[in-house]
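Working notes, beginning with the structure itself.
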Amino acid sequence: MPGMKRWFSLLCVSVLVSPASAEPLCGYEATSIDRIVGDITRAGGRVVLDTADFIAAEEPRRLILWTFAKPKSGQFPAFICRQVVRTGDRIEVQLRAVCNGAKPECDALIASVLDQQQKATQHLRP
């Protein structure tokens, strides 16, 4: 709309949850990448990337982008949910994650995701 400024803020909250946690992650129990991806596609979402290391899927209806780090050499599977949420006049991206690996590897993975997100949304900020 002409003359209207859009303000986008980026709020990223990282939560590392232990593998034994039964707490849902964006509505899914973080136990199986295949199960969550299957549920997402059955609900109208789609896989947008599938490599040897990662799967990315989107749920347009719920405004969620998922990133799954596939298990490599027993290091971890990781489940990352980024959801766009409107809070008043602000639009935020909330990040939640479950990483079933060693803290240094999980911290590096989350830092990489946050860096990619920052770069991808840079043009949206004033």
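No value in this document is a laboratory result; all are computed from the given coordinates. Keep in mind the model is a prediction, meaning the values are calculated, not measured. Here the Cβ positions follow ideal geometry from the backbone for every residue, glycine too, while neighbour counts run over all protein chains shown.
Taking θ = phi - 60°, what integer Hz values does the Karplus form 6.51 cos²θ - 1.76 cosθ + 1.60 yield along segment 86-97, in sequence order, with x for Gly and Pro?
With coefficients 6.51, -1.76 and 1.60, one gets 8, 10, x, 8, 9, 10, 10, 10, 9, 10, 10, 8 Hz.
According to a simple spin-label model (label point 7 Å from Cα along Cα-to-Cβ), what is the distance in nm between residue 86 and residue 111?
In this crude spin-label approximation the distance works out to 3.6 nm.
Name the residues whose placed amide hydrogens come within less than 5 Å of the amide hydrogen of residue 54, ignoring near sequence neighbours (fewer than 5 apart) on the same chain.
Amide H neighbours of residue 54: 70.
Kindly provide the trypsin sites (Lys or Arg not before Pro) of segment 50-126 that DSSP labels as loop, not H, G, I, E or B, and whose Cβ sees at most 16 other Cβ atoms within 10 Å. Walk me through the numbers on the way to the answer.
Values: sites: 61, 62, 72, 82, 86, 90, 96, 119; in loops: 72.
Passing both the DSSP loop test and the Cβ count: 72.
Using the Karplus curve 6.51 cos²θ - 1.76 cosθ + 1.60 with θ = phi - 60°, what ³J(HN,Hα) values do you get for each residue of segment 59-72, in whole Hz, with x for Gly and Pro?
10, x, 4, 9, 6, 10, 10, 9, 10, 10, 8, 6, x, 10
Rounded, prolate or oblate for segment 30-126? Axes are the square roots of the Cα gyration tensor eigenvalues, ordered a ≥ b ≥ c, and the cut-off for rounded is a/c under 1.5. Before the final figure, lay out the partial values.
On the way: a/c = 2.01, a/b = 1.28, b/c = 1.58.
Cα axes put segment 30-126 in the oblate bin.
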